[in-house]
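One structure is given below, encoded as structure tokens.
The values are calculated or read from the model by the stated rules, or taken from the named source; none is laboratory data. For clarity, every value in this text was computed on a predicted model and none was experimentally measured. Here the Cβ positions follow ideal geometry from the backbone for every residue, glycine too, while neighbour counts run over all protein chains shown. Side chains are part of the model used for accessible areas, which takes the heavy atoms of the whole protein and leaves out ligands, DNA and RNA. Shrake-Rupley method; radii C 1.70, N 1.55, O 1.52, S 1.80 Å.
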Amino acid sequence: MCAMARPRKPLLSTDRIVETARALVDAEGLAAVSTRRLAAELGVSGPSLYNHFRTKDEILEAVADSVSGQVDLSMFEDGRDWRTALHDWAVSYRAALRDHPNIVPVLASGPGRRPAGLRLADAVYGAMVAAGWPPAQATSIGALMRYFVMGSALGSFAGGFVDDASAYDPADYPHLQQAHLLAEQQEKIDERAFETGLTALLDGLARQYEQVRRSA
């Protein structure tokens, strides 16, 4: 009687390493990632990871780029005007970071050589130049949008207040009597703040754009 074949382990691949590392970062933070821990999660020996990545930092770079790859770029190709495209891109960008907040510190260092990050920067810059922005201003707009979206993902304003009314004595903080209620409305407040800031930012750019068009 033939013995039953053992189930084969999934082959180790770059994508599988990145997916496992991303799940680990999401669940436990950057400090949880090590080659030993990843090897254990993947059910392989530690040295086998080095066939795909030389260092832990390379793995984290790949995780960061996989998150950049989740950002929708179609708005720069389907005929939307520059302002609408920037708005929709910023919303998609923030959603990707909101889903993976623990990797934001790595993303904040810039795209470097990451392919998805570079495609993102290229799409924004190209769309702004195509819309009539001078190259130098198009570069500034890309940087400005990145600062704004990245900053919104680094922490929650509402989440910075504690659910304890006694922490906000009216004698010391006369205008924070309702601050203890902010935490329970965290998502709503942060979404509203993001949209308020994004609208103000785009309004300002629209005024600059009119000046650019008049001087062209």
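Restricted to region 85-167, the set of helices (runs of 4 or more DSSP H) holding at least 2 residues that are closer than 22 Å to Asp203 by Cα and open to solvent by 50 Å² or more (accessible area, probe 1.4 Å) comprises 115-130, 135-153.
Taken over region 1-60, residues that are assigned to a loop (DSSP other than H, G, I, E, B) and at pLDDT below 95 amount to 22. With respect to the stated conditions, Glu184 fails to be without any contact (Cβ under 8 Å) to a residue 12 or more places away in the chain, open to solvent by 40 Å² or more (accessible area, probe 1.4 Å) and either farther than 19 Å from Phe76 by Cα or assigned to a loop (DSSP other than H, G, I, E, B) (or both). Reported count of residues in region 64-81, each being assigned to a loop (DSSP other than H, G, I, E, B) and either open to solvent by less than 50 Å² (accessible area, probe 1.4 Å) or more than 27 Å from Pro105 (Cβ to Cβ) (or both), is 7.
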